[in-house]
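Notes to accompany the following structure.
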Amino acid sequence: MNKYQFSCILLICLWQSFTASAQSQFMTSSENNYAEALFYPLKVGSVEISMPDSTWQNIIRHAHEKKYHVCSVVINGERFDNVGIRTKGASSLDDVTNMKSDRYSFRLKLNKYRKGQKYHGMTKLLLNNNIWDATQMKDAIVYDMCRFIGLPASLTNYARITVNGKLHGCYLMVEAVDKHFCQRNYPGENTNIYKPYHNLAYRGEDLKQYNEISNFAKVRGDEASMQRVVTALKSVDEGKDIEKHVDIEAVMKYMALQTMAVNFDCMTGKNTQNYYLREADGKISLIPWDYNLAWGGYPDDEGDFEGFDDFDPEKWKTWFDSLSQEQRDSVMKSFSQQWSDMPMGDMGGDEEYNKEAAKKIVNFPIDTPFSCKLSKRTFFMNLLANETYKARYYHYLYVLCNEYIKGGALQKAFSTIDKEIGTFVGTEPNAFYSNKRFHKAMQTFDALLQKRSASVLGQMNGTIPSTWEAQKAHPQQLIPTDDINIQDLGGLMVMEKRE
């Protein structure tokens, strides 16, 4: 064998070795079993992020821009290079910045710079910092409730995050609502998914009236799909052929879940965000999203204020982006000044505020389950006016209260989470809440959910008023909540002062 032949054979062997290695990685990546590989209970995940320090500092300095940068990631021992990473969130980005922290939430996109790169069939991974949530588990519990009643929801699990070899925190990994989510939950179905800023009220046939839906397509989404969405909204508005255009079981499950979670940072409150709208073969349904501010984490003002209902953060962002840099700096300086002038815990530190908030959350009325004007929630109120649909809604409320919370599923979820992160969470140098605060929050959370389920069951059997009007007329019939300190759970501007 001459040198030329030897070199050729060596080159072939090296190429075969490289090809086998690459195939092995992409075979692992193409297997659609990320649910088992990453979201397995009682097994804390590991996400090791690495990049040049200059890149990391750039991400931190310009977090609000949410631009992708290149990094390498090792997920549970499997390495991926040329991965896209960016910060995620809305107002929480400014919150972290104002705290002078680097503990942002992140989005990892494995195929951003390398086409076809996946982790066991998954291309996106969300890493939530659980800001404002001392329980560290509101999202996880809500999505567990969803699965208990058969409502598709994102998978979650905890992970130990490192950046350039340094511990960065205990984060909640969350499955993105994307095409992989659809393949897992709706295999073979022709699905379109939107992430709207819309109250789902019918506004006529003109599609321009629904830009707050159509402009935010996340999976497919086109004019034909939007025509079907509008037809569905019209059917609810007119009370005709509803079941032909609305997946009633899915929507009633969603409504029951929303009523139990009392999340004012969505349509339960005065906003029109934090949900996904699914359209498939002419039927619409809703997918739950973002609950770190549920159960009192998002302050809810009493009464209705003109101009505040249906606040649209996207429109605010469009306005903000239209400003000059000097104007933007002025706005942000004003916000920062307001932040610095507000004592830590101001919105949760008032004893009377805490008492009223706890009473409102525990006894939130199931027949008028919105804190805004009911005229702003006609989609849901029209469905509740149908006794058959209302009975399904009540059925799922009963299942969540009697079978999930009181039947042992909630305690199982608590135990699982405590075993996973109970000794770890809150020990990180940049933690928002201490380990002691986490355990206190979990106890208060359990007590609140027990009282919430008791109130809902009482409202269903008629021993507790189930509307705002009736509750105001008969406050003595409500579940007492003087032993619940809502501040224990964390929330906007309710942050523990670290030593």
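The values are calculated or read from the model by the stated rules, or taken from the named source; none is laboratory data. Source: prediction; values computed, not measured. All Cβ positions, glycine included, derive from the backbone under ideal geometry; neighbour counts span all protein chains shown. The area values use the complete protein model at the heavy-atom level, side chains included, leaving out ligands, DNA and RNA. Shrake-Rupley method; radii C 1.70, N 1.55, O 1.52, S 1.80 Å.
Structure notes:
- Inter-residue pairs, beta-carbon under 6 Å, first within 17 Å of residue 206 (Cβ to Cβ) and touching a residue at least 60 places away in the same chain (Cβ under 8 Å) and in the range 225-247, second of a type in the set (Phe, Trp, Tyr) and open to solvent by 20 Å² or more (accessible area, probe 1.4 Å), 6+ apart: 233/202; 237/202
- Taking the numbered list (1) in contact with a helix residue (DSSP H, G or I) (Cβ under 8 Å, 6 or more places away or on another chain); (2) assigned to a helix (DSSP H, G or I); (3) touching a residue at least 60 places away in the same chain (Cβ under 8 Å) in turn, residue 370 passes all entries but (2).
- Cβ-Cβ under 6 Å pairs, at least 6 apart or on other chains, the range 408-426 side under 12 Å from residue 439 (Cα atoms), far side in a helix (DSSP H, G or I): 425/438; 426/435; 426/438
- Considering 223, 212, 238, the condition of being acidic (Asp, Glu) and closer than 26 Å to residue 88 by Cα is satisfied by 212 alone.
- Residue in the range 431-448 that is in a helix (DSSP H, G or I), buried (at least 20 other Cβ atoms within 10 Å of the Cβ), among the aromatic types (Phe, Trp, Tyr) and in contact (Cβ under 8 Å) with a residue 60 or more places away in the chain present: yes
- Test: residue in the range 228-245 that is in contact with a Ser or Thr (Cβ under 7 Å, 6 or more places away or on another chain), modelled with pLDDT of 95 or more and under 22 Å from residue 180 (Cα atoms): no
- One residue from 156, 123, 135 being closer than 18 Å to residue 88 by Cβ, in contact with a helix residue (DSSP H, G or I) (Cβ under 6 Å, 6 or more places away or on another chain) and modelled with pLDDT of 95 or more: 156
- Each residue in the range 360-376 was checked for being closer than 13 Å to residue 464 by Cβ and surrounded by 20 or more Cβ atoms within 10 Å (Cβ to Cβ), and 5 pass.
- Test: residue 61 is within 29 Å of residue 298 (Cβ to Cβ), out of contact with any Phe, Trp or Tyr (no Cβ under 9 Å at 6 or more places or on another chain) and either crowded, with 18+ Cβ neighbours inside 10 Å or among the charged types (D, E, K, R) (or both): yes
- Filtering 403, 387, 356 for residues that are modelled with pLDDT under 95 and surrounded by fewer than 16 Cβ atoms within 10 Å (Cβ to Cβ) leaves a single hit, 356.
- Selection count, the range 130-165, where residues are more than 12 Å from residue 404 (Cβ to Cβ) and among the basic types (Lys, Arg): 2
- Consider the range 87-105 and keep the residues that are out of contact with any His (no Cβ under 8 Å at 6 or more places or on another chain) and of a type in the set (S, T, N, Q). The one that is nearest to residue 160 (Cα to Cα) is 105.
- Selection status of residue 436, more than 23 Å from the chain's Cα centre (by Cα), farther than 25 Å from residue 44 by Cα and not acidic (Asp, Glu): no
- Inspection of the range 85-95 identifies at least one residue that is among the charged types (D, E, K, R), open to solvent by less than 30 Å² (accessible area, probe 1.4 Å), under 26 Å from residue 297 (Cβ atoms) and out of contact with any strand residue (DSSP E or B) (no Cβ under 8 Å at 6 or more places or on another chain).
- The requirement of being part of a helix (DSSP H, G or I) and among the small types (Gly, Ala, Ser) is satisfied by residue 453.
- Hey, residue 269 farther than 30 Å from residue 111 by Cα, in contact (Cβ under 8 Å) with a residue 12 or more places away in the chain and not in a helix (DSSP H, G or I) or not: yes
- Residues of the range 19-36 include none that is open to solvent by 40 Å² or more (accessible area, probe 1.4 Å), closer than 29 Å to residue 492 by Cα and either out of contact with any helix residue (DSSP H, G or I) (no Cβ under 9 Å at 6 or more places or on another chain) or at pLDDT 95 or above (or both).
- Any pair with Cβ under 7 angstrom, 6 or more apart, that starts in the range 464-488 at a residue that is open to solvent by 40 Å² or more (accessible area, probe 1.4 Å) and ends at one that is of a type in the set (Lys, Arg) and part of a helix (DSSP H, G or I): 482/355
- The range 139-175 - residue that is without any contact (Cβ under 8 Å) to a residue 60 or more places away in the chain and closer than 27 Å to residue 87 by Cβ and, of those, surrounded by the fewest Cβ atoms within 10 Å (Cβ to Cβ): 166
- Selection count, the range 232-246, where residues are surrounded by 19 or more Cβ atoms within 10 Å (Cβ to Cβ) and either of a type in the set (Asp, Glu) or not in a helix (DSSP H, G or I) (or both): 1
- Neighbours by Cβ (under 7 Å, 6+ apart or cross-chain): first from the range 97-113, under 14 Å from residue 130 (Cβ atoms) and at pLDDT 95 or above; second hydrophobic (A, V, I, L, M, F, W, C) and part of a strand (DSSP E or B): 105/127; 106/85; 106/127
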